Amino acid sequence: MSSYTQISPQRIEEMRALIGQRKLRDHMFAIVGLVCMLIAVLTMIASFASLLFDGWSRLTPEFFTSFPSRRAADAGILSSWVGTTLVMLVTMLAAVPLGIGAAIYLEEYAKQGIVTDIIEVNVTNLAGVPSIIYGLLALGLFVYILGLGESVLAAGLTLALLILPVVIVSTREALRAVPSTIREAAYALGATRWQMVSDHLLPYSRGGILTGVIIGMSRAIGETAPIITIGALTFIAFLPPSPVSAEPPFINFDWLFAPFTVLPIQMFNWVSRPDPAFAVNAAAAGVVLIVMTLLMNGFAIYLRYQIRKTIKW
Amino acid sequence: MANAFEGRLAHKFTRNIKERVIESILFLMAFSAVAITVAILAILVVESLGFFEHVSIFEFLTGTVWSPLFADAHYGILPLLAGTLTVAAVALAVAIPMGTIIAIYLSEFAPHKVRETVKPFLELLESVPTVVFGYFALLYFTPFLQIFMPGLPGFNMLAPGIVIGVFIIPYISSVAEDAMRAVPMAMREGSYAMGATRFQTAIRVVTPAAISGIVAAYVLAVSRAIGETMVVAIAAGLQPKFTFNPMEPAATITAYIVQVSLGDVEHGSVAYQSIFAAGLVLVVMTLALNVFGHVMRKRYREIY
């Protein structure tokens, strides 16, 4: 018993010192962590701010309505933002139905088994394949084997494959969030599986699916490497034929096969020129790109917040 | 009466057929994921086989000169591999310590408000187009580094490596933080009850418990770093050079593919096939990493 009470004052001092040392280490780490976080965040904010500063002088209405030019001061992003819009249209039309269909199958239809396992492993793996590899696939498959050439269609399909895993994973999460009582209620009323999916699951998980689609699209908008690989031109001083026209047949699909450029490629082209005047254009194009992706992501975050607030199962 | 019954049967029959058709279509959609993987491997392997008819595998794997676009063409992958590994090493030297510290800080130290503000911001960084980061590397980071290292050339592997490192920090911090937050509170409380500080708890209790998630985050970061294309293509110069010195300009596998795609390379030529051979090396590397990550996750997963 007595040994507990007989801790020498010297030993107590030692222990206090030890405790103090450990507390000091604790506080040191808190500071190190804060500093690391600030370095990462501030480096990025500073870079974005200087990008805005560099490109500000070129962000005029003419910048959006001019074709690229050999003179930096006249060059604009008309052909590239039109190209981006058309490519995104194809991407969305291809990736959204395919991704949602795949997710519905995996979440609602798939039976436990080897085929399902293989599909699941492939979806996970595809998400980890570097984007430029999709470009090589598209170069071999779309451009040459299917003969689509270096067209809007080939680019849109390439990006659709690239964002497919994103759409599948987020749609599955949205479907999983619908409680199984909803499914059981639909079945109890005699609904078939597809009736249950199309009348109940899809409407209820709409918001979550939309969030995933927007995040996927915002990734596709900034992708450069796979589009360069399929041979998108970097200097386009004309627009693809318009998809809609005033005279019959009103809608045409020539634009699908037109050569094109997109915003990130235009920016890449300007960055890699030695003339510093073009760097200003690149900065301005970069600002446009960042604003576009931030708006899309901001909208997705807002949507997610709204869903969380309104839906209470 | 019998008619109505038969009508119902017919309705049920068509309904069942419709269900079957829909299920088959949905299955095909899901199976497209497998088809894409097979297509990627098939295209890469077929074109690479064409490439290896002209170039011996031995030269490809051991040659130290890569010059497919010159008259005196050499096809040794080692310079591209060295560039890829050097850039990835620089990136990871930045991202792994910073990402891990930020993850520990956000999960164990940061007040709720800080975490809820910083996390979405870091996740927004993931969506910024990488071509913009290429601009940063070439026009902001290289001049900045040249202040301290006057001998640094305008194109080098250091600046793109650092920039890639900074923008993959969110991949590490966000996945690792999720893994740490998944560690049950009771384990932390047990550690605090024994008199441990937050730092001791974070290092000796939470980190070991979350190690499989943290390793998964590292694997994700490595595969992003070796697959990153635009930053390197813009800021590292495009000359393949067999060097591991980050102060020198060099080309990576991805940058080489971009360089060839930008020029006029004839379909079916050896240079055309060479980008598929290079791509195959890249895919094998990322696949090996993914498998490694999967094994690590299985082996060290702690279930509570």
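The values are calculated or read from the model by the stated rules, or taken from the named source; none is laboratory data. Note that this is a predicted model, so its numbers are computed, not measured. Glycine gets a Cβ as well: all are built from the backbone with ideal geometry, and neighbour counts include every protein chain shown. Only protein heavy atoms, including side chains, enter the accessible area calculation; ligands, DNA and RNA are left aside. Shrake-Rupley method; radii C 1.70, N 1.55, O 1.52, S 1.80 Å.
Taken over the range A:117-148, residues that are among the acidic types (Asp, Glu) and modelled with pLDDT of 90 or more amount to 0.
In summary, B:Ala209 fulfils each of the numbered conditions (1) within 19 Å of the chain's Cα centre (by Cα); (2) in contact (Cβ under 8 Å) with a residue 60 or more places away in the chain with the single exception of condition (1).
Starting from the range B:180-191, take each residue that is closer than 16 Å to B:Gly213 by Cβ and list its partners that are among the acidic types (Asp, Glu) and not in a helix (DSSP H, G or I), counting only C-beta distances under 9 angstrom and pairs at least six apart or across chains. As it stands, the answer is B:Val183/B:Glu302, since those pairs meet every condition given. If you check B:Phe31, B:Phe58, B:Phe27 for being more than 14 Å from every other protein chain (Cβ to nearest Cβ) and assigned to a helix (DSSP H, G or I), only one passes: B:Phe58.
Could you grab the pairs with beta carbons closer than 7 Å, sequence gap of 6+ or different chains, first residue in the range A:31-44 and surrounded by fewer than 20 Cβ atoms within 10 Å (Cβ to Cβ), second one assigned to a helix (DSSP H, G or I)? Close Cβ pairs (under 7 Å, with a partner that is assigned to a helix (DSSP H, G or I)) amount to A:Val32/B:Ile101; A:Leu34/B:Tyr105; A:Val41/B:Val118; A:Val41/B:Phe121; A:Thr43/B:Val166.
Applying the selection to the range A:14-66, what residues are hydroxyl-bearing (Ser, Thr, Tyr) and not in a helix (DSSP H, G or I)? It would help to see each step written out before you state the result.
In the first step, residues of the range A:14-66 are kept if they are hydroxyl-bearing (Ser, Thr, Tyr); the result is A:43, A:47, A:50, A:57, A:60, A:65-66.
Once the filter is applied, which keeps residues that are hydroxyl-bearing (Ser, Thr, Tyr) and not in a helix (DSSP H, G or I), the range A:14-66 yields A:Thr60, A:Ser66.
Here B:Thr142 passes the criteria (1) assigned to a helix (DSSP H, G or I); (2) of a type in the set (Ser, Thr, Tyr); (3) under 22 Å from the mean Cα position of the chain (by Cα) except the one numbered (3). Take the conditions facing chain A (nearest Cβ under 7 Å), within 30 Å of B:Gly279 (Cα to Cα), open to solvent by less than 80 Å² (accessible area, probe 1.4 Å) and of a type in the set (D, E, K, R) and apply them to B:Glu47. Does it pass? So B:Glu47 passes the test. Return yes when A:Leu89 is within 17 Å of the chain's Cα centre (by Cα) and either in contact (Cβ under 8 Å) with a residue 24 or more places away in the chain or buried (at least 16 other Cβ atoms within 10 Å of the Cβ) (or both) and no when it is not. Spelling it out, A:Leu89 is indeed within 17 Å of the chain's Cα centre (by Cα) and either in contact (Cβ under 8 Å) with a residue 24 or more places away in the chain or buried (at least 16 other Cβ atoms within 10 Å of the Cβ) (or both). The residues in the range B:102-122 that are surrounded by 23 or more Cβ atoms within 10 Å (Cβ to Cβ) and facing chain A (nearest Cβ under 7 Å) can be counted, and the count is 3.
B:Gly165 meets the stated requirement of being open to solvent by less than 10 Å² (accessible area, probe 1.4 Å), more than 30 Å from A:Lys23 (Cβ to Cβ) and within 11 Å of chain A (Cβ to nearest Cβ). Taking the range B:153-263 and the helices (runs of 4 or more DSSP H) fully enclosed by it, the elements with 2 or more residues that are out of contact with any helix residue (DSSP H, G or I) (no Cβ under 7 Å at 6 or more places or on another chain) are at B:185-193.
Hey, can you tell me all the residues within the range B:28-60 that are farther than 24 Å from A:Thr158 by Cβ and touching a helix residue (DSSP H, G or I) at 6+ places or on another chain (Cβ under 8 Å)? Before you say what the answer is, go through the steps one by one.
Quick first cut of the range B:28-60, residues farther than 24 Å from A:Thr158 by Cβ only: B:52-60.
The answer is B:Phe52, B:His54, B:Val55, B:Phe60.
Within the set A:Ile118, A:Ile114, A:Ile39, A:Ile145, the sole residue that is under 30 Å from B:Thr201 (Cα atoms) and over 24 Å from the mean Cα position of the chain (by Cα) turns out to be A:Ile39.
May I ask you to verify whether B:Phe60 is closer than 15 Å to B:Val270 by Cα, surrounded by 14 or more Cβ atoms within 10 Å (Cβ to Cβ) and not assigned by TED's automatic domain parsing to the domain that holds B:Pro240? Yes. Quick one: would you say A:Asp26 is on the phi < 0 side of the Ramachandran plot, open to solvent by less than 80 Å² (accessible area, probe 1.4 Å), at pLDDT below 90 and not small (Gly, Ala, Ser)? So A:Asp26 fails the test.
Scanning the range A:222-233 for residues that are hydrophobic (A, V, I, L, M, F, W, C) and facing chain B (nearest Cβ under 7 Å), we see that the one that is farthest from A:Leu86 (Cα to Cα) is A:Ala225. Select from the range B:264-289 the residues that are assigned to a helix (DSSP H, G or I) and either farther than 18 Å from B:Leu85 by Cβ or at pLDDT below 85 (or both) and list them in ascending order. If the condition is that a residue be assigned to a helix (DSSP H, G or I) and either farther than 18 Å from B:Leu85 by Cβ or at pLDDT below 85 (or both), then B:Val270, B:Ala271, B:Tyr272, B:Gln273, B:Ser274, B:Ile275, B:Phe276 are the ones that fit. B:Glu248 meets all of the listed conditions (1) open to solvent by less than 30 Å² (accessible area, probe 1.4 Å); (2) away from every other protein chain (no Cβ under 12 Å); (3) touching a Pro at 6+ places or on another chain (Cβ under 9 Å) but one, namely (1).
Does the range B:219-226 contain any residue that is closer than 15 Å to A:Ala225 by Cα, open to solvent by 10 Å² or more (accessible area, probe 1.4 Å), assigned by TED's automatic domain parsing to the domain that holds B:Tyr171 and among the charged types (D, E, K, R)? Yes, some residue in the range B:219-226 is closer than 15 Å to A:Ala225 by Cα, open to solvent by 10 Å² or more (accessible area, probe 1.4 Å), assigned by TED's automatic domain parsing to the domain that holds B:Tyr171 and among the charged types (D, E, K, R). Return yes when B:Ile77 is at pLDDT below 90 and crowded, with 16+ Cβ neighbours inside 10 Å and no when it is not. Against the criterion (at pLDDT below 90 and crowded, with 16+ Cβ neighbours inside 10 Å), B:Ile77 qualifies. For the range B:131-146, the condition of being farther than 19 Å from A:Phe48 by Cβ, facing another protein chain (nearest Cβ under 10 Å) and crowded, with 21+ Cβ neighbours inside 10 Å holds for none of the residues. Considering only the range B:133-147, I want to know if a residue exists there that is touching a residue at least 60 places away in the same chain (Cβ under 8 Å) and touching an Asp or Glu at 6+ places or on another chain (Cβ under 8 Å). No: zero hits.
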